[in-house]
Amino acid sequence: MKRPVIGVIGNAHLVEQRFPAQLVSERILRAVAESTNALPVMFAGAPDITDADALLETVDGVLLTGGRANVHPTHFGTEPHPRYEPYDLKRDALALALIRICVERGVPLFGICRGLQEMNVAFGGSLHPEIRELPGRANHRMPRLESGEIHPDLDVIFGDRHDVHLVADGAFTTLLGCKTIRVNSLHGQGILDPGQRIVVEGVADDGTIEAIRIADAPGFALGVQWHAEYDPQSNPVNRALFNAFGEAVAARKRAA
């Protein structure tokens, strides 16, 4: 059997402040290639370039990546503010529709960071643009030096920062075989109100939602707030998540 194909959504970037581009981190592509036994194929996060139906005739699963841009607040009834820019309206338009289609058709779906946030919004949930501004919440953004510059060491940036407590007998507990895991943290925006079909599977010590699944989804439909793509080759938690996603994708290909 040929290798399954996993579609990896791109993010809008402006190269050298003038050249529009769609980009995906090589680390994400390697995580798919090395931890799911599938072929990663990037698709543009823009509905005028990517047709969802045509895409799902080509891929066996979809990975929603993280990204610099926040989901636009008008998707959950809040006014935008310049301090929470940038936004990626085209990715919003494609991803929110694609999520619902994937869940309806049983196409394996894995959301990482922004991807988890999109899954929540797709089912009617809301987000807060800066979780650390809420009472009692920690700063979940990436580590910086005292100067304010991003820390130069990637192992520090993506190092484990806090615990996530998983619900008993949930999908994540079953998959990972434990009730508490430790994860990295590189996000400002996070889930405020869960959507109608969003099942909260894991929370950080400060109450921030870190792991979700879609209720009654016929296929794999999990989301994590941390960047699981950083080290699935060596991290047992992230390896288990990518392996399970890969198994679901392979099973869908066999059944096709």
Result for the stretch 145-256: accessible area per residue, probe 1.4 angstrom, in square angstrom, of 45 Å²
Which whole-Hz couplings ³J(HN,Hα) result when phi for each residue of the stretch 43-50 is put into the Karplus expression 6.51 cos²θ - 1.76 cosθ + 1.60, θ = phi - 60°, listed in order with x for Gly and Pro?
10, 5, x, 7, x, 7, 10, 10
How much area per residue is accessible in the stretch 8-85 when the probe is 1.4 Å and only protein heavy atoms are counted (Å²)?
55 Å²
By a straight-distance test (C-alpha under 16 Å), which lysines pair with Lys253 as possible cross-link partners, with residues fewer than eight away in the same chain excluded?
Lys2
Dividing the alpha-carbon radius of gyration of the stretch 1-156 by 2.2 N^0.38 Å, where N counts its residues, gives 1.11
Pseudo-spin-label distance Gln233 to Thr180, built 7 Å along Cα→Cβ, given in nm, is 3.1 nm
Part-to-part distance (alpha-carbon centres) for the stretch 1-80 and the stretch 238-252, which is given in Å
18 Å
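From the Cα gyration tensor of the stretch 130-224, with a ≥ b ≥ c the square roots of its eigenvalues, which class applies: rounded if a/c is under 1.5, or else prolate if a/b is larger than b/c, or else oblate? Write down the numbers at each step before the final one.
Details: a/c = 2.27, a/b = 1.73, b/c = 1.31.
Verdict is prolate for the stretch 130-224.
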Determine ³J(HN,Hα), in whole Hz, for all residues of the stretch 53-68 in sequence, where each value follows from phi through the Karplus function 6.51 cos²θ - 1.76 cosθ + 1.60 and θ = phi - 60°; x replaces Gly and Pro.
5, 5, 4, 6, 7, 9, 9, 9, x, 10, 10, 9, 7, x, x, 5
Please compute the net charge surrounding Leu134, taking Lys and Arg as +1 and Asp and Glu as -1 over other residues with Cβ under 13 Å from its Cβ.
-2
Taking a 1.4 Å probe, which of Arg18, Arg30, Arg239 shows the most accessible area, and what order do the others take after it?
Arg18, Arg30, Arg239
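Looking at the stretch 35-123, which GluC sites (Glu not before Pro) are DSSP coil and have at most 13 other C-beta atoms within 10 Å of their C-beta? The partial results should precede the final answer.
Details: sites: Glu57, Glu104, Glu118; in loops: Glu57.
Passing sites in the stretch 35-123 are Glu57.
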Residues other than Ala33 with Cβ under 13 Å of its Cβ, Lys/Arg counted +1 and Asp/Glu -1, net out at 0
HN-Hα J couplings of the stretch 196-213 from phi, Karplus 6.51/-1.76/1.60, θ = phi - 60°, integer Hz, Gly and Pro as x?
4, 9, 7, 9, 6, 10, x, 9, 7, 4, 8, x, 5, 6, 10, 9, 9, 9
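Quick check: net charge around Ala97, other residues with Cβ under 15 Å of its Cβ, Lys/Arg +1 and Asp/Glu -1?
Numbers: positive: Lys90, Arg91, Arg100, Arg105; negative: Asp48, Asp51, Asp53, Asp88, Asp92, Glu104, Glu118.
Within the 15 Å Cβ shell, the charges total -3.
Whenever you get a sec, compute what percent of the accessible area on the chain sits on carbon and sulfur atoms (1.4 Å probe).
Of all accessible area on the chain, carbon and sulfur atoms account for 50 percent.
The values are calculated or read from the model by the stated rules, or taken from the named source; none is laboratory data. Predicted model only: the values in this text are computed from it and were never measured. For neighbour counting, all protein chains shown are included, and Cβ atoms are generated from backbone atoms with ideal geometry for every residue, glycine included. What goes into the accessible areas is simple: the full protein's heavy atoms, side chains included, and nothing from ligands, DNA or RNA. Shrake-Rupley method; radii C 1.70, N 1.55, O 1.52, S 1.80 Å.
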